[in-house]
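Trainee: The structure follows.
Values in this text are rule-based calculations from the coordinates and carry no lab data. None of the values given here were measured: they were computed from a predicted structure. Heads up, the Cβs are rebuilt from the backbone with ideal geometry, glycines too, and the neighbour counts pull from every protein chain shown.
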Ligand SMILES: [Zn+2]
C-alpha cells in the first residue's frame, strides 16, 4: 500500500502518460498484420486508410503497451455464448454498464470497438465448425482437460509459474516495499515473497507439478532501468517528479511487461501464482506505523473501470481473457485457495468499500475480489494473486522478524508455525484440492502411467 500523499502525484503522472501515449504511439494501420476478420467501417470510400495522416493513433494505449493485434479473435475455439458474455462482463469484468459502449453483444456475435473508426472486430460467439482452425491460441489447460492422475499426484504434468511479487534486495527502497522498525532487520516485501516461492515450489513438485520461477533472485526481469525506460516527454516539469515517474515506469510497468513476456512466450504455464504480502499505510518507512489488524484477500482479473476501458490494449486483454474462458478456471482455483487459507490462518477477509470503483466482489465470497492489475491482466492464463497478512501489523510483524523455521516456535507469546511455511502450505493445499476435485481419476494403473510426463 502506498502513503496517501502519493495519490495526487500518481494521478497527474498517469494523465501525463496517457496524453503522451496518445501523441507518441502512432502505429499506422497499414503496418499491422493483415486482419483476417476485422470488418471495415461502413463508409470506406470516405475513410480510406491511405487517406489518413500517418500520425493518427489507433486510440490511446496504456504506458509501454504495444498496439494490439485484433486479428487473433477471428475464430475462437470454444467461445462463450452471449448470455455468458453478458454475465461475466456484468459480474466480474466491469462495475457499470459503460462497457457496452465498446462491446456490443448480439445473438451470435460480439462487436468490439478497436478505437480505430475504420475497424471494428466481429467475434463469432458460436463454436467453429468441424475442422475449423482456431485463431486464438491458449497455452494453458483447465484441470478438467488434463489426463487422469493418481490421487497422490493430482498436479502431475501441471505447469505452474511462481511469480514472487516485487524485486526486493537493493531495489526494495526504490519500489517502496521497504520499512524498518528501530534497529530490526528491514522488511522488504520482494525478499519475503521470494522466500515463500522457494518453500512453495517443492510442495507443488511433490504433488507432481512442473514448477518454474518468473523471478528467482532479487534482480529485475526487465532490461530497462529508470534512465533507459521510455519516458513521456514534458509530462513532468519538476525534475524530482520526473525521476520518480521514471522509477515507477521501470520497477512497475516495464518489470511487469517483461514478466508477462517471460510467462506468455517462454514458460506458458497452466497457472501463475503471484505472491505478495499486504501492508497498511506505514507512513515514514524509517519510522513506520504499526497497526493492530491483519487480513487476507485474493485478486482475480476484472473490475475494469470506465477510464481503463478507453485503452485499446486493455479492451484487447479483457476480450482475450473472456474468449479463452480464463475466468471460470481462475475463480474455481481462487475459491479453493481462499478456503484453504482461511482454514489454516484464520485471517479475516479484507473488505473493499461497498461502492468501490476499482474492486468487484466475486461470488459473494468475502475473500475474492476482482481488480484490474497489470499482472493479472497481462498474464494470459489463470492467475492467483495473493494478498495475505499485513507486514506492518503487530500480529504479523513479529512472525516476519522470527524468520523461517521448522515446526512451531513461541512467537509473540504463542506457539506458531513460520509465517512463510504457513503461506506456502495454504497455497499448495488449495491448488491440490482444485486439481483433485476437477481432474479425472484413472480407471487403472496403466492409464496413469501412459499420461504425458
Ligand atoms: Zn505486493
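Trainee: Could you state the number of Å between the C-alpha centres of region 344-389 and region 107-171?
Mentor: 20
Trainee: Between residue 135 and residue 87, how high is the FRET efficiency from 1/(1 + (r/R0)^6) when r is the Cβ-Cβ distance and R₀ = 30 Å? Nearest 0.05.
Mentor: 0.80
Trainee: Further question on the same structure: Which of 305, 118 has the fewest other C-beta atoms within 10 Å, and how do the rest follow up to the most?
Mentor: The fewest-first ordering by Cβ neighbours comes to 305, 118.
Trainee: How far apart, in nm, are two points set 7 Å out from the Cα along the Cα-to-Cβ line at residue 344 and at residue 77?
Mentor: Going from the residue 344 label point to the residue 77 one covers 3.1 nm.
Trainee: Going by C-beta contacts inside 10 Å, put 174, 391, 89, 415 in order with the fewest on the left.
Mentor: 415, 174, 89, 391
Trainee: Which order results if 304, 350 are arranged by neighbouring Cβ count within 10 Å, fewest first?
Mentor: Least crowded to most crowded, the residues run 350, 304.
Trainee: Rounded, prolate or oblate: which fits region 131-283, taking a ≥ b ≥ c as square roots of the Cα gyration tensor eigenvalues, rounded meaning a/c under 1.5, else prolate when a/b beats b/c?
Mentor: oblate
Trainee: Next question. With each pseudo-label sitting 7 Å past Cα toward Cβ, what's the residue 265-residue 406 distance in nm, one decimal?
Mentor: Using points 7 Å along Cα→Cβ, the separation is 4.3 nm.
Trainee: Could you let me know the centre-to-centre spacing of region 61-89 and region 181-246, using Cα atoms, in angstrom?
Mentor: 29
Trainee: Rounded, prolate or oblate: which one fits region 143-449, using the alpha carbon gyration tensor with axes a ≥ b ≥ c (rounded when a/c is under 1.5, else prolate when a/b beats b/c, else oblate)?
Mentor: Cα axes put region 143-449 in the oblate bin.
Trainee: Which of the three applies to region 162-236, rounded, prolate or oblate, going by the alpha-carbon gyration tensor with a ≥ b ≥ c and a/c under 1.5 meaning rounded?
Mentor: oblate
Trainee: Compute the FRET efficiency between residue 174 and residue 356 as 1/(1 + (r/R0)^6), taking r as their Cβ-Cβ distance and R0 = 30 Å, and round to the nearest 0.05.
Mentor: With R0 = 30 Å, the Cβ-Cβ based efficiency is 0.55.
Trainee: Residues in region 368-406, backbone N under 14 Å from the label point at residue 289 (7 Å along the Cα-to-beta-carbon vector): list them, ranges by number please.
Mentor: Flagged as within label range: 392-394.
Trainee: Report the full-extension gain for the segment residue 307 to residue 238: residue separation times 0.36 nm, less the Cα-Cα distance, to one decimal in nm.
Mentor: Once the chain is fully extended between residue 307 and residue 238, it gains 22.2 nm.
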